[in-house]
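The values are calculated or read from the model by the stated rules, or taken from the named source; none is laboratory data. The structure displayed is predicted, hence computed values, not measured ones. Cβ: placed from backbone, ideal geometry, glycine included. Neighbour counts: every protein chain shown.
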Amino acid sequence: MIRLNVNIDHIATIREARRTWEPSVVAAAVLADMAGASGITVHLRSDRRHIQDEDVRLLRGVVKTHLNLEMAATEEMVRIACDIRPNTATLVPERPEEVTTEGGLDVLAHEAEIRRASDQLSAAGVLVSIFVDPDLAQIEASQRVAAHQIEICTSRYSELTDPTRSAEASQVDAELARVSLCASRAGELGLAVAAGHGLTYRNVGAIAEIDPIEEFNIGHNIVARAALVGMERAVQEMIFVIKGAIRGSLGS
Ligand code: PXP
């Protein structure tokens with residue numbers, strides 16, 4: 001059974017566009033929950049461009065399923081996570097000028113500091129997930145820093161499957177094979193396996209077929225659809241597509 005955590009960062013993006021109090025991330029989380037989401041994901045960025053510290057605190061009080069906090073492995077963020085205690089902390093790289101997370105964390109290059117963050121989070125009872133590119137060396141390094149889970153970055157796959165670009169089918173197949181190989185290796189190493197970034201109603205089906213993947217974190221596409229059809233319907237439709245019942249019928 002694949003779990004879907006709905007990333008509601010962009011509900012906060014709409015709110016922050018006017019520095020006001022609506023739409024409410026708490027209301028969005030409740031609606032996603034009522035529609036069958038397995039959990040809620042938010043990214044507390046160092047620049048606080050969308051989700052704020054108070055949002056994470058409020059969501060911790062409301063989300064009783066699973067709260068996944070995406071964060072940089074900085075001292076500030078580890079302190080906040082150890083205090084608020086989401087179910088999972090997903091360690092991601094951050095670059096101030098980036099539009100969104102640009103790829104996986106380079107665990108190999110920062111093993112000591114990521115191990116330190118991982119140990120502190122685990123000691124506080126927070127499961128540690130690491131967002132990595134589909135790269136075997138990064139996955140093996142994630143196991144060495146005692147992560148519970150890896151989240152495979154699907155942004156390359158999402159670029160290749162963007163209907164406005166014209167990638168070759170063989171490139172898509174090669175990327176799916178890379179994701180699949182890495183997911184299997186992570187499973188062998190005893191890591192739980194999630195996937196996310198750039199997944200949509202149109203492209204999630206093939207990733208959902210990769211067996212060791214048991215969790216998705218999907219945000220922009222769901223919130224974009226929710227703006228037009230409502231949060232509950234948008235979440236239900238994504239769950240429906242992930243389950244494979246209508247794969248392909250919502251678009252090319
Ligand atoms: N997973 C991680 C680690 C992310 O940083 C993001 C973006 O915040 C997502 C998943 C969700 O990506 P998207 O909004 O493209 O679905």
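At-a-glance table
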| item | result |
| --- | --- |
| Verdict on Tyr201 being aromatic (Phe, Trp, Tyr), part of a loop (DSSP other than H, G, I, E, B) and within 13 Å of the ligand (Cβ to nearest atom) | yes |
| Matching entry among Ala206, Ala177, Ala186 (being in contact with a helix residue (DSSP H, G or I) (Cβ under 8 Å, 6 or more places away or on another chain), surrounded by fewer than 22 Cβ atoms within 10 Å (Cβ to Cβ) and outside any loop (DSSP other than H, G, I, E, B)) | Ala206 |
| Only one of Ala72, Ala89, Ala81 that is without any contact (Cβ under 8 Å) to a residue 40 or more places away in the chain and under 27 Å from Glu111 (Cα atoms) | Ala72 |
| Segment 134-154: number of residues that are touching an Asp or Glu at 6+ places or on another chain (Cβ under 9 Å), closer than 19 Å to Asn68 by Cα and within 15 Å of the ligand (Cβ to nearest atom) | 5 |
| Any hit, segment 18-30, residues being surrounded by fewer than 17 Cβ atoms within 10 Å (Cβ to Cβ), on the phi < 0 side of the Ramachandran plot and of a type in the set (Gly, Ala, Ser) | yes |
| So Thr13, is it within 14 Å of the ligand (Cβ to nearest atom), hydroxyl-bearing (Ser, Thr, Tyr) and touching a residue at least 24 places away in the same chain (Cβ under 8 Å) | yes |
| Residue within segment 84-101 that is modelled with pLDDT of 95 or more and more than 16 Å from the ligand (Cβ to nearest atom) present | yes |
| Tally of residues being surrounded by 14 or more Cβ atoms within 10 Å (Cβ to Cβ) and either of a type in the set (Asp, Glu) or closer than 15 Å to Thr20 by Cα (or both) across segment 50-65 | 4 |
| Selected residue (criterion: farthest from Val145 (Cα to Cα)) from residues of segment 77-111 that are among the charged types (D, E, K, R) and in a loop (DSSP other than H, G, I, E, B) | Glu97 |
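Condition check ((1) in contact with a Gly (Cβ under 6 Å, 6 or more places away or on another chain); (2) surrounded by 17 or more Cβ atoms within 10 Å (Cβ to Cβ)) across all residues:
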position: Glu94; (1), (2): no, yes
position: Val99; (1), (2): no, no
position: Leu108; (1), (2): no, no
position: Glu111; (1), (2): no, no
position: Ser118; (1), (2): no, yes
position: Leu121; (1), (2): no, yes
position: Val128; (1), (2): no, yes
position: Val132; (1), (2): yes, yes
position: Asp135; (1), (2): no, yes
